[in-house]
1. For chain B, find the longest principal axis of its Cα atoms and tell me its angle to the long axis of helix B:399-412, 0 to 90°, nearest 10.
2. To the nearest 20 debye, what charge dipole does the range B:115-198 have about its Cα centre, counting +1 at the Cβ of each Lys and Arg and -1 at the Cβ of each Asp and Glu?
3. Based on a Kirkwood Rh over C-alpha pairs, give the Stokes-Einstein translational diffusion coefficient of the range A:10-106 at 37 °C and viscosity 0.692 mPa s in µm²/s.
4. To the nearest 20 Debye, how big is the dipole of the range A:10-106 about its Cα centre, given +1 on the beta carbon of each Lys and Arg and -1 on that of each Asp and Glu?
5. With no other cysteine's Cβ closer than 4.7 Å, which Cys residues of chain B count as lacking a disulfide-compatible partner?
6. When the gyration tensor of the range B:301-434 is built from Cα positions, what are the square roots of 5 times its three eigenvalues, in whole Å, from largest to smallest?
7. In the range A:10-106, what percent of the accessible surface is made up of carbon and sulfur (1.4 Å probe, ligands and nucleic acids excluded)?
8. Return one number: the angle in degrees, 0 to 90 and rounded to the nearest 10, between the long axis of the Cα atoms of helix B:104-127 and the longest principal axis of the Cα atoms of chain B.
Amino acid sequence: MSADLAAPFVPASGTELSIALLLSAFLFGLGIVGFLSRRNMIIMFLCTELMFQGAALAFVAFSRQHMDVSGQVFVIFILTVAAAEAALALGLVVLLYRCRETLNAEAWSSLGESVDSADRAAEPIGTQRGIA
Amino acid sequence: MTTILADTARATVAPELSWLGLVLILPLASAALCALCGAFRCKSKLPAWITVVALAASFGLVLKAYFGYAGPVEIPIFEWINFSWGEGGRFQSFVADCALYVDSLTLFWMLFVTGLGTLIALYASEYMEGDKGTGYSRFFFGISIFLFAMSSLVMGDNLVMLYLGWEGVGLASYLLIGYDYHRPSAVAAAKKAFIVNRIGDLGLALGIFMLWANYGTLQYDELFAAMNAGGQSSIDWDIAVIPFLIMLGAFGKSAQFPLHVWLPDAMEGPTPVSALIHAATMVTAGVYLIARMFPFFELHPDALATVAWIGTGTALLAATIGMMQHDIKRVFAYSTISQLGYMFMGLGVGTSFGACYHTFTHAFFKALLFLTAGAVMHGFAGQLDLRKLSGLRRMPGWRIVSWTMFIGCLWLAAFPLTAAFYSKDAILLAALTSPRWDFVLLGWVGLFTAALTAYYTFRVWFRVCAGPVHVEMGSDGHHAPADPHDTHGHGTQTSHAHAEGPHAPRWAINGVLVVLAVGAIAAGIPSYLEIMAHVPNWVQTMIANSSASQGAGLLEAHAAAHDGHHSTVLGMDPHTGLAIIGTIASVGGISVAFFFHLYSRASADRLLSWLRSRSLVGWIPGAMEHKWYIDEIYHALVRLPLWIGAQVLSLGDKHFLDGAIVDGMGKLPMAIGKLFRPLYGGGLQGYAVTMVGGLGLVLAWVTWVWLRGHT
């Protein structure tokens, strides 16, 4: 890497790192809280993107701190993967919406089992009633 | 002096006599053919004829060997077991060839084993005819296997062959007691016989191990030589224990107290089996074993005394039980135990001659008695209760059965001038003239038992064959009537004998009974000749040239027995005195039986009820009827604890091993799953919360570890 490009690239101070990491943690926390509290699938997807960006910010901050560009390389990969994943995820959301006519995530819970059906599963195989 | 006897008794090897091996092979071939008959569903009497012919041929070969007998021989047939290591001599080899050891004792035993086997197989050909096509082949297979095993036991040249035969006769006995395997009582009796015999067989096996360990060989000839060479002075425990272990085996097979309980139950088997295996031959295997191993009973001073005490005790015990039984076959079963007790008493007091002679006479008259009982059972649809049979001798067609049974009873009662009178006398004489006071006591107990024997024997005869004619049919048979009805003496007029009424025996049964009665009478000939013509007793000469005559105690006993001035019986010459007392005992017992069971049968019941009402002795008749509660004691001491233990272990298996451990392992993941199941309700956020929670826990743990590392 040539010197003129590297000249403004100096290690950040401890305070700067702390601020960057706090921001990163804030973004990540925001993503988690949003993901857990909202039911709209698109919002939830956005929240996962927020968590991604929080993590990416931490990478950048450490990269600057340690004067090591591999952290920034990582961020580029994250962005790429996030872009591809966004295309997939939005496609999925559209498909899911078509099935249930709603974006509410609670409409999709058929993998779980209610407590009484769980007890039924504990019975011997031949005696199970038909699954509704 | 024992050494001299032993040296002269060393056997010569005689491979040219290997045709005697046919005595073993013929019954084995007969067994194979009977099995084939069974496989091809043979419906004729073919298996019976095969067996009779094979056994008769065996008997003929034994006769031929007897007439050509010139001294003890070893006949090699083929090499069976042969391991050796090191130098390969004694203690460094284990050799058990399939070879025969034939001395006079062997021939003596084989003569009556094969002879009676032939006769009883002939009898069974008629007796078992109701089972043609179903069990007929199986029955004669069992008889053939028995004869093979018994021949191996008696003729084997080493203790391994004896043990093979010992277990073989046990197997045959088991198979034949359980012949009628549809009846649970027969199956139980077969198991009982087998299991009780296990105890004795363990003793015999340990005895054989100890013999090898101490003498390094198991072949009789080398064994006796080694024993005599080694001297008899050392009484280390491991040598002294040998006679006691062998004795245990003999007691099990010959039904001596405390292992006698299997023999009465063994009467569940068909009657020819009771006659052949459980009266005449197999149960005398114990007597043969002790007679064969007689020198080894000198290894401990108390060994023979133990045999004598046990034998006498068993004789008395079984006689008292026999007095109160109502089943004819059971009375005869207890009389067998009692007479075997006499044989052991004879061995114990040192007269192997008396023991073997009694075995010989007993084989005939007891087989005869059992076969008459079988004829009664066969003719009256299984009826054996002596209270329900009476006056048989006046019924047409039953004369031969009645009078041959009379002969058998006279012989069993040791009536004067019968063969059993002399053979029993030989035993009692040796006991009463013994220098040991306890043997003299045993002799008097034996005399008392002889009186009891005469009583219970003639109780049967006076009840069943004499008195007014009155018969109740049993409940056996193929189309037995629902209620047993009285026939009052005109039973033979019906054609469907099994179904409708009694049917008298035909030629095979009657013929065998007559031959056996003649045999029982002829068994006395050696004694008649000895007394009248001073010919040495034939049995005595047969025994004298075998291992049974070795041993110091025996010679002392004989010296004492023949020195009249040294010992007396009630101040008389022992022979005369014993003959008088024996006659009194026998005739007295018969007279008492005559009074209570023929002259005034009601008085027997009166006496019994009077006895029962006395508080002091009232329990005795009941105890005798219940065999002194020995079965109950065994039940309480052995079977019940085992049963309780089995139940406890079964519960432990069911509830701890199966319930707690095996099922518990299966239930554990389910229980854990139930704990965490609420986390996976299906909602997307639910999963997310778990994930975040897990992440939080990991973070918390990392933080905690980090903090701990820095403080």
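The values are calculated or read from the model by the stated rules, or taken from the named source; none is laboratory data. Note that the structure is a prediction, hence the values are computed from the model and not measured. With ideal geometry, Cβ positions are generated from the backbone for all residues, glycine too; neighbour counts draw on all protein chains shown. Areas reflect the complete protein model, heavy atoms only, side chains present, ligands, DNA and RNA absent. Shrake-Rupley method; radii C 1.70, N 1.55, O 1.52, S 1.80 Å.
1. Helix B:399-412 sits roughly 80 degrees off the main axis of chain B.
2. On the way: 6 positive and 6 negative charges, 65 e Å.
About 320 debye.
3. Result for D is 224 µm²/s.
4. So the dipole magnitude of the range A:10-106 works out to roughly 220 debye.
5. Those would be B:Cys34, B:Cys98, B:Cys356, B:Cys409, B:Cys465, since no other cysteine Cβ in chain B comes under 4.7 Å of theirs.
6. Values: eigenvalues 194, 48, 21 Å².
Taking √(5λ) for each Cα gyration eigenvalue gives 31, 16, 10 Å.
7. Numbers: 4460 of 5950 Å².
Ligands and nucleic acids excluded, carbon and sulfur give 75 percent.
8. Roughly 80 degrees, rounded to the nearest 10.
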